[in-house]
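J.: Before anything else, here's the structure in question.
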Amino acid sequence: MNQLIDIKGIGKTTLSKLENASINSIEDLLLYYPKSYKIQKINNINHIKIGETVSLEMTILNKPNIFFFRKNLSKLSVDCYLDNHKIKVDIFNRHFLSKVLFKDVEIVVTGRFKNNFKIFTANDIVLKKNFKEGIIPLYNIDDIKDGRLRKIIEVVLKSGYHLEEILPDEILKKRNIQEINNVVYNIHQPKNMIELEEALNRLKYQELLMFALRITLIKKHRDHINISKKTYKIDVVRSFIKEIGFNLTNSQKQATNDIFKDLKSDRQMNRLLQGDVGSGKTIVSILTALASVTSGYQVAVMAPTLVLSYQHFDEFKKYFSNLDVNIVLLTSETSIKEKRTVKNMIANNEADIIIGTHSLIQEDIQFSNLGLVIIDEQHRFGVNQRKILRQKGYYPDILLMSATPIPRSLAISIFESSDVSQITEKPKGRKPIFTNIYEFQNMKRVYQLVNQELNNNNQVYVICPLIEENETTNYFSVMETYDILNKRFPTANIGMLHGKMKDKEKIDMINQFKNNEINILISTTVIEVGIHIDKATTMLIMNANAFGLAQLHQLRGRIGRSDLQSYCCLIVDESVEDIDRLKILENTDDGFEISAQDLKLRGPGEIFGKNQAGIPNLSFANIVEDQELLEQALTDASQLVNINNPEINQLKNQVLKTLESYHLD
Ligand code: ADP
Ligand code: MG
């Protein structure tokens, strides 16, 4: 048996149907896995309930009756014995069954007792001799009945057809996983759930191993590139740290150490710095920039929004004010004349640190000696945008920063072969934010709180899911909320911020809020990232249920950034159902836990966006739920890449074939 056509039961028509399902060889057929399974067994009549779908053994009492209603509707009714009880069994549109349903014939009926135990509505009737108890695979191939396919596969399995094992022996032993020929057996003809699960487990592992190999191969490829080591001036860095004005947390020190080790090495740094909102990633990036500059390289700092770029620019300038370091800003707001100057400075190595938005990746921006790329809120950028910036230098070191902390293995996977440093503690002296859920009907308490904070000269954010009212939802809009709050707090200065405003207007608004000229800022999620305002102590989030957990946590991260007590009010309609989800935020401010929950609820694609090339397309494994397997796969992959034998090389080649060039740039 070499080809599909050799199999008994496969003719030309079946062959073309199989081909339509991309099954072109016997191997394809065996590796065509069922979409799902159904468990087929005869139920014990003592335990059945009205309405529950069950399979029961019955004996036919007399000839069936057949009724034709309309053109396409018939009913077959047959009296049967179930043990000693007489039951009427009805089934629709199977009148042809009357050919086999005779008196005393034993059958298995599947269906349910609808209203009482006298009439059974069946959706399937099979002769008892044809009923197979067990776990039945369901394939769902167009135009081929499952039963047919099962028979075809059975013929192949019985013939002893042998598939080649692609996983190395050591791995099978070490991870105690099934050999492929067992897997195929257990998948197509499972004897019990345990064996089926073990077989599925192997498929998950194999999928994750291929994925892990891919990541590891990219990393290895990058590790082969020699770049010149950065010989930074450690004494400059040391005295700089003394002047910061606070002590670095242990996590910040650890992350800085990790990074400095990378800078010193002759390998390109590719590190993801994860830390919850407010954990103090910026200062770590500033130290990294400083080290790079003292070793004679230019540094690019890219942030996803204009507001954030301005903020970074101000902060970098503040920290570097005593040093001879040239910092420039480049955004969409930079005037043409200014841009020309800045461009020249960048090209002539007169600018040391270049901060900006996407403007940095424009074609006409040429760096003279780019040695470090820092990307803040990196998941806001697509893979390609990050790549363009990278390519503006000769393998510059890369520091990616993200405020949605996720487990390490997942971070490595999604952001592709980055090493990961985590800031796990907040700076000392932060008070936990009081977070509470309120219903609209209970706004009085919220207004009292707002009043109290305004009286203390503190400031309030109000976040709305919409800019303007809209007909499809009854969510609060910025405009509507503005009217409501204007009436409530007539003496307060209230401002608005949203995506329809011009960039310049946004910056002005943020600056007014920063200077405490505005007391209440009503905004959409445009303020989500990175804005830092000490006196903002209170945040109202309207229709909080409209947002993802990680996003709410990010929003909440705009308050509680000083030693003042802060309050976050999650405001919902009383009819909202997923209150339990929001309660997670009431109970914890641990960003790791929150994003773990969010990942479970929504998956990485929703959280990080589809343009993250690293989010794998898996059919068996779940990158969130199967993290333990992923860890194993990553460990195994890092060993396999260093082994050089034909079997393993074949595996590696298979992975390399699927790599697109940009992964290797
Ligand atoms: P994020 O990680 O969200 O980017 P930032 O870097 O903006 O956080 O830091 C938030 C605030 O905490 C800033 O005002 C920063 O100066 C301050 N900060 C950072 N590290 C420390 C520290 N170790 N001790 C005290 N304050 C710190
Ligand atoms: Mg930040």
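The values are calculated or read from the model by the stated rules, or taken from the named source; none is laboratory data. What you see is a predicted model; the values in this text were computed from it and never measured. Note that each Cβ is placed from the backbone with ideal geometry, even for glycine, and that neighbours are counted across all protein chains shown. Note: accessible area is taken over every heavy atom of the protein model, side chains too, but ligands, DNA and RNA are not part of it. Shrake-Rupley method; radii C 1.70, N 1.55, O 1.52, S 1.80 Å.
J.: Count charges around Lys63 for me, please; just the other residues with Cβ under 10 Å from its Cβ, Lys/Arg as +1, Asp/Glu as -1. Walk me through the numbers on the way to the answer.
T.: Numbers: positive: Lys103; negative: Asp79.
Charge balance near Lys63 sits at 0.
J.: Less than 15 Å Cβ to Cβ from Leu73, Lys/Arg counted +1 and Asp/Glu -1: what total charge do the surrounding residues give? Please report the intermediate quantities before stating the final value.
T.: Details: positive: Arg70, Lys71, Lys75, Arg94; negative: Asp90.
Result for the neighbourhood of Leu73: +3.
J.: If you place +1 on the Cβ of every Lys and Arg and -1 on the Cβ of every Asp and Glu, how big does the dipole about the Cα centre of region 434-588 come out, in debye to the nearest 20? Write down the numbers at each step before the final one.
T.: Details: 15 positive and 20 negative charges, 106 e Å.
The calculated dipole for region 434-588 is roughly 520 debye.
J.: While we're looking at this one, here's another question. Can you quote the Å³ per residue value for the convex hull of the Cα atoms in region 1-95, rounded to an integer?
T.: Numbers: hull volume 19.6 nm³, N = 95.
Once divided by residue count, the hull of region 1-95 is 206 Å³.
J.: Between helix 503-514 and the chain, what is the angle of the helix's C-alpha long axis to the longest principal axis, kept within 0 to 90° and rounded to the nearest 10?
T.: Helix 503-514 sits at roughly 70 degrees to that axis.
J.: What do the square roots of 5 times the Cα gyration tensor eigenvalues come to for region 434-588, in whole Å, largest first, as semi-axes of the equivalent ellipsoid? Each step should come with its number before you reach the end.
T.: Values: eigenvalues 91, 65, 50 Å².
Output for region 434-588: semi-axes of 21, 18, 16 Å.
J.: Just subtract the alpha-carbon distance of Lys103 and Asp534 from 0.36 nm times their residue separation and send over the number in nm, one decimal. Don't skip to the answer; put the middle values down first.
T.: Numbers: separation 431, 0.36 × 431 = 155.16 nm, distance 8.58 nm.
My answer for the length gained is 146.6 nm.
J.: Would you please give the residues with an amide H less than 5 Å from that of Leu497, counting only those at least 5 places away or on a separate chain, with H modeled from the backbone geometry?
T.: For Leu497, the qualifying residues are Ile522, Ser523, Thr524.
J.: For Phe120, enumerate residues with amide H under 5 Å from its amide H, sequence gap 5+ or separate chain, H modeled in the peptide plane.
T.: Counting only residues 5 or more places away or on other chains, the set is Lys88, Val89, Asp90.
J.: Once phi is turned into ³J(HN,Hα) by the Karplus curve 6.51 cos²θ - 1.76 cosθ + 1.60 with θ = phi - 60°, what whole-Hz value does each residue of region 642-650 show in order, with x for glycine and proline?
T.: For region 642-650, the Karplus curve yields 8, 8, 10, 9, x, 5, 6, 4, 4 Hz.
J.: Where does the chain land at 222 nm, in deg cm²/dmol rounded to the nearest 500, when only DSSP H runs of n ≥ 4 count, each adding -39500 (n - 2.57), divided by all residues? Kindly include the intermediate steps, with their values, before the conclusion.
T.: Details: 22 runs with 253 residues, N = 665.
The per-residue figure over the chain is -11500 deg cm²/dmol.
J.: Under 5 Å between amide H atoms, partner at least 5 residues away or on a different chain: which partners does Val420 have, H built in plane at 1.01 Å?
T.: Under 5 Å from the amide H of Val420 lie the amide H atoms of Leu272, each far enough along the sequence or on another chain.
J.: Related question: Determine, for each peptide in 420-432, 623-635, 500-512, 199-211, the mean count of other beta carbons within 10 angstrom over its residues, then list the peptides with the highest first.
T.: Details: 420-432: 16.8, 623-635: 19.0, 500-512: 15.1, 199-211: 21.9.
Averaged packing, sorted descending, gives the order 199-211, 623-635, 420-432, 500-512.
J.: Under the Karplus relation 6.51 cos²θ - 1.76 cosθ + 1.60, θ = phi - 60°, what is the ordered set of whole-Hz ³J(HN,Hα) values for region 28-34, x standing for Gly and Pro?
T.: 4, 4, 5, 8, 7, 8, x
J.: Let me ask something else. When the Kirkwood radius is taken over all Cα pairs of region 42-130, what Stokes-Einstein diffusion coefficient follows at 20 °C and 1.002 mPa s, in µm²/s? If you can, show how the numbers build up before the last one.
T.: Numbers: Rh = 13.0 Å.
In µm²/s, the coefficient is 165.
J.: Could you please state, rounded to a whole Å, how far the C-alpha centre of region 555-610 is from the C-alpha centre of region 249-284?
T.: With region 555-610 and region 249-284 each reduced to a Cα centre, they are spaced 26 Å.
J.: For the charge dipole of the chain, defined by +1 on Lys and Arg C-beta atoms and -1 on Asp and Glu C-beta atoms about the Cα centroid, which residue among Gln627, Gln650, His188 has the Cα displaced farthest towards the positive pole?
T.: Working it through, the farthest residue towards the positive pole turns out to be His188.
J.: How far is helix 146-158 tilted, in degrees, relative to the longest principal axis of the Cα atoms in the chain, given as a value from 0 to 90 rounded to the nearest 10?
T.: Once rounded, one gets 90 degrees.
J.: On full extension of the chain, what length is gained from Asn622 through Glu471, given 0.36 nm per residue of separation minus the C-alpha to C-alpha distance? If you can, show how the numbers build up before the last one.
T.: Values: separation 151, 0.36 × 151 = 54.36 nm, distance 3.72 nm.
This chain segment gains 50.6 nm when fully extended.
J.: Is there a quick way to get the dipole size of the chain? I mean about its Cα centre, with the Cβ of Lys and Arg at +1 and of Asp and Glu at -1; what is the value in debye to the nearest 20? Numbers along the way, then the final one.
T.: Working: 84 positive and 81 negative charges, 256 e Å.
Roughly 1220 debye for the chain.
J.: Count charges around Asn515 for me, please; just the other residues with Cβ under 14 Å from its Cβ, Lys/Arg as +1, Asp/Glu as -1. The partial results should precede the final answer.
T.: Working: positive: Lys514, Lys535; negative: Asp314, Asp508, Glu517, Asp534.
Summing Lys and Arg as +1 and Asp and Glu as -1 gives -2.
J.: Can you work out the base-10 log of I(q)/I(0) for the chain at q = 0.08, 0.10 1/Å, using the Debye formula on its C-alpha atoms alone?
T.: Each listed q maps to, in turn, -0.81, -1.03.
J.: What ³J(HN,Hα) values, in whole Hz, does the Karplus curve 6.51 cos²θ - 1.76 cosθ + 1.60 give for region 273-284 when θ = phi - 60°, with x put for Gly and Pro?
T.: 9, 9, x, 4, 3, x, 7, x, 7, 4, 5, 5
J.: Holding the Cα-Cα limit at 19 Å, pick out from Lys12/Lys151; Lys317/Lys426; Lys17/Lys204; Lys38/Lys191 the pairs that are longer than that.
T.: Values: Lys12/Lys151 17 Å; Lys317/Lys426 24 Å; Lys17/Lys204 28 Å; Lys38/Lys191 13 Å.
Over 19 Å apart, Cα to Cα: Lys317/Lys426; Lys17/Lys204.
J.: May I pose another question? Quick check: residue separation of Asn348 and His95 times 0.36 nm, minus the Cα distance between them. What number comes out in nm? Walk me through the numbers on the way to the answer.
T.: Values: separation 253, 0.36 × 253 = 91.08 nm, distance 8.69 nm.
In short, 82.4 nm is gained.
J.: Over the Cα atoms, compute the radius of gyration (one decimal) and Dmax (the largest Cα-Cα distance, rounded to a whole number) for region 117-167, in Å.
T.: Spelled out, the Cα radius of gyration and Dmax of region 117-167 are 16.3, 56 Å.
J.: Looking at the chain, what % of its DSSP beta bridges pair antiparallel, to the nearest 5? List each step's numbers first, then the result.
T.: Details: 32 of 88 bridges.
Here the share of antiparallel DSSP bridges comes out near 35 percent.
J.: Then there is this: Could you work out what % of the accessible surface of the chain is carbon and sulfur, using a 1.4 angstrom probe and leaving DNA, RNA and ligands out of the count?
T.: Numbers: 14950 of 32490 Å².
Taking all protein chains in place, the chain shows 46 percent carbon and sulfur surface.
J.: Between region 142-203 and region 415-435, what's the alpha-carbon centroid distance in Å?
T.: 44 Å
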